[in-house]
Every structure is written in structure tokens, then in C-alpha cells.
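What follows is a single structure, written as C-alpha cells, with notes after it.
The values are calculated or read from the model by the stated rules, or taken from the named source; none is laboratory data. All of these numbers come straight from a predicted model, not from anything done at the bench. Because the Cβ atoms are built from the backbone with ideal geometry, glycine has one as well, and the counts that use them run over all protein chains shown. To get the accessible areas, we keep the full protein, side chains included, count just its heavy atoms, and leave off ligands, DNA and RNA. Shrake-Rupley method; radii C 1.70, N 1.55, O 1.52, S 1.80 Å.
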Amino acid sequence: MLAKYQQLLEPINAFLQCQTPDAWLQQAKRPENLTVILTDHLICELKAAQSAMYLIRRYAVDEQSAEALLAWLKPYEDFTYRQVGDWRELADYNRLNKSMMPKSDTPYGQELIDKMVLLIKEELHHFYQVLEIMQACGIEYDKITSSRYAKGLLRHVRTYEPQALIDKLICGAYIEARSCERFAMLAPHVDKQLGEFYISLLRSEARHYQDYLSLGEQIAGEDISARIAFFGEVEAELISSPDPDFKFHSGAPVSR
């Protein structure tokens with residue numbers, strides 16, 4: 001089944017500057033690590049939605065629309081960070097109750113809104129699907145700490161605009177591309193239900209990385225390949241260097 005996605009994965013693997021270390025895959029395959037893999041994956045889905053929401057709120061819409069975005073994600077954040085609410089009800093909240101209107105002075109606003117709203121809907125749907133799988137596996141959700149990965153990328157974002165936005169979009173592209181690569185690597189080594197779920201995510205994750213890159217190129221209005229290469233080096237170092245904290249996006253596991 002994974003073979004038919006090889007054409008989709010080829011540009012992902014070319015974009016990433018290193019492959020996931022085999023030592024990470026060996027750790028991820030262990031049944032005793034399923035809880036941390038699924039829990040961290042769950043939280044990553046929410047953080048992806050939050051990051052997209054931040055971009056819309058910060059760069060594209062007015063205050064009223066920004067408040068509607070906050071309300072959209074609040075039940076998911078309440079469940080994840082405050083452990084409030086019933087996870088079974090979350091699917092009922094995955095809709096935006098207001099049309100997003102771009103700021104008149106933002107030339108790229110509508111495209112940013114269109115791509116990021118779709119991404120948020122998909123990430124929240126995936127969030128719910130991970131919860132369903134956790135329930136089927138008898139895994140109760142409990143909070144865990146974040147890995148170093150996203151912070152390690154974002155600490156290199158420039159502090160002035162529009163370069164800060166461009167850097168954030170490039171970081172988003174790398175996060176989505178790495179997720180896609182890891183889903184593909186894990187799929188053959190887990191049970192049938194989880195493997196099929198990981199494979200089902202490949203197409204959307206691949207599109208997300210392309211959306212981030214195309215937005216970055218459009219907003220920059222110039223070649224951003226040097227900046228993409230810079231973040232590729234940062235990302236590869238985070239993935240290939242020793243990492244004592246095993247998570248979905250962690251680096252090379254440290255022997256204990």
C-alpha cells in the first residue's frame with residue numbers, strides 16, 4: 001500500500017536534508033513507546049493548528065475574526081492543556097463560525113486565510129482521529145512535555161517583517177515534511193489500523209508542506225532558496241544529533 005505513495009514522498013525526501021536515524025525508528029517500533037508516540041502526535045496536531053491560527057490572526061484578519069479563531073480552538077486547548085471536557089464531543093467543534101475577511105492592506109491575506117483555515121480543519125480532524133486510536137488501544141490521554149524540535153527551528157526566525165513571516169512559513173514546511181517522512185517510516189512497523197491511519201495522513205501532510213513553501217515564496221517575491229537551505233541544515237541537525245528526550249519529532253535516541 002505504501003508503494004503507491006512513493007511518488008508523493010520523493011519530493012519530501014529531497015526537501016529534507018537528512019533521513020530519520022534508524023535508531024529513532026527502532027525506538028518508535030517498540031510497543032512500550034506507543035503511548036508517547038501517539039500522545040506526542042496528538043499534541044503535534046493541535047500545535048500545527050495553533051501555528052496556522054497564529055499566522056492568520058497575526059498577519060491576515062481583523063480583531064473580530066481573530067476572536068472567532070480563538071473560540072474555534074478553545075475546546076481542543078481546554079482538553080489538551082487543562083484536561084477539561086469529553087474528547088468525544090470535540091468533533092462537534094471542528095467548524096469555524098465566522099467568515100474570515102482579510103485586512104484590506106494585506107495583499108496575500110486571502111490566500112493565507114484559505115490555506116491555513118483548511119490546514120486547521122484537517123489538523124483538528126487528525127487530532128480527533130488520534131484520540132480514537134488511543135481509545136482503541138486503551139491509552140488514556142495525559143500531558144507530556146514538548147520536544148526540542150519546533151523551538152529549535154523557531155529560535156532562528158528573524159525578528160523583522162516580512163522576513164519573520166517567511167521564516168515561520170519555512171519552519172512550518174519542514175515540520176510538515178518531517179511528519180510525512182516519519183509517518184511513512186512507521187507505517188509498516190505498527191498494527192494494521194495505525195499503519196493505515198499513518199498512510200492516510202501522507203497526502204495532506206505533503207500538501208501542507210507545499211502550501212507553506214508556496215506562501216513563503218509568494219510573500220517574499222524573490223528567491224528564498226538560501227533561507228530554505230539554512231533551515232534545512234538546522235532541521236537536519238535537530239533530527240540527526242543525540243537527543244535524550246524520545247518524542248515523535250526527536251533526534252537520535254541516546255543510549256541509556
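Please give the calculated 222 nm ellipticity per residue for the chain, where each DSSP H segment of at least 4 residues contributes -39500 (n - 2.57) and the sum is spread over every residue; nearest 500 deg cm²/dmol?
-22000 deg cm²/dmol
Classify the stretch 1-117: rounded, prolate or oblate, from the alpha-carbon gyration tensor (a ≥ b ≥ c, eigenvalue square roots; a/c under 1.5 rounded; otherwise prolate if a/b is larger than b/c)?
In terms of gyration-tensor shape, oblate.
With charges set only on the Cβ (+1 for Lys and Arg, -1 for Asp and Glu), what does the dipole of the stretch 1-136 come to about its Cα centre, in debye to the nearest 20?
Once rounded to the nearest 20, the dipole reads 100 debye.
Does the stretch 94-190 come out rounded, prolate or oblate, given a ≥ b ≥ c as the square roots of the eigenvalues of its C-alpha gyration tensor, rounded meaning a/c under 1.5 and, failing that, prolate meaning a/b above b/c?
oblate
Determine the equivalent ellipsoid of the stretch 116-252 by diagonalising the alpha-carbon gyration tensor, then write out the semi-axes as square roots of 5 times the eigenvalues, largest first, rounded to whole Å.
28, 18, 14
Using the C-alpha gyration tensor of the stretch 34-98, what are the square roots of 5 times its eigenvalues, in whole angstrom, with the largest one first?
Working from the Cα gyration tensor, I get semi-axes of 23, 14, 9 Å.
From the phi angles alone, apply the Karplus equation (6.51, -1.76, 1.60; θ = phi - 60°) to the stretch 223-228 and give each ³J(HN,Hα) in whole Hz, x where the residue is Gly or Pro.
Running phi through 6.51 cos²θ - 1.76 cosθ + 1.60 with θ = phi - 60° gives 5, 10, 4, 5, 6, 4 Hz.
Looking at 110, 214, 200, which one has the Cα that reaches farthest to the positive end of the dipole of the chain (charges on Cβ: Lys, Arg +1; Asp, Glu -1)?
Farthest along the dipole direction, towards plus: 200.
Excluding residues on the same chain fewer than 8 positions from residue 143, give the lysines whose Cα lies under 22 Å from its Cα.
29, 47, 74, 151, 247
With +1 on the Cβ of every Lys and Arg and -1 on the Cβ of every Asp and Glu, and nothing else charged, how large is the dipole of the stretch 58-122 about its Cα centre, in debye rounded to the nearest 20?
60
On average over all directions, what projected area in square nanometres does the stretch 185-224 have, based on the convex hull of its Cα atoms?
3.2
Could you look at the stretch 171-256 and say what percent of its accessible area is carbon and sulfur, using a 1.4 Å probe and all protein chains?
Carbon and sulfur: 53 percent of the exposed surface of the stretch 171-256.
Straight-line reach from residue 103: which aspartates and glutamates have a Cα under 19 Å away, not including same-chain ones fewer than 8 places off?
Hits, sequence-local ones excluded: 62, 63, 67, 111, 114, 161.
Using the Cα centre of the chain as the reference point, and only Cβ charges (+1 on K/R, -1 on D/E), how large is the resulting charge dipole? Debye, rounded to the nearest 20.
The dipole magnitude comes to about 260 debye.
Toward the positive end of the charge dipole of the chain, about the Cα centre and with charges on Cβ (Lys, Arg +1; Asp, Glu -1), which of 87, 135, 19 goes farthest?
Going by the charge dipole, the pick is 135.
For the chain, what does the alpha-carbon gyration tensor say about shape, rounded, prolate or oblate, given a ≥ b ≥ c as the root eigenvalues, a/c under 1.5 as rounded, and a/b over b/c as prolate?
Since a/c reaches 1.5 but b/c is at least a/b, the shape of the chain is classed as oblate.
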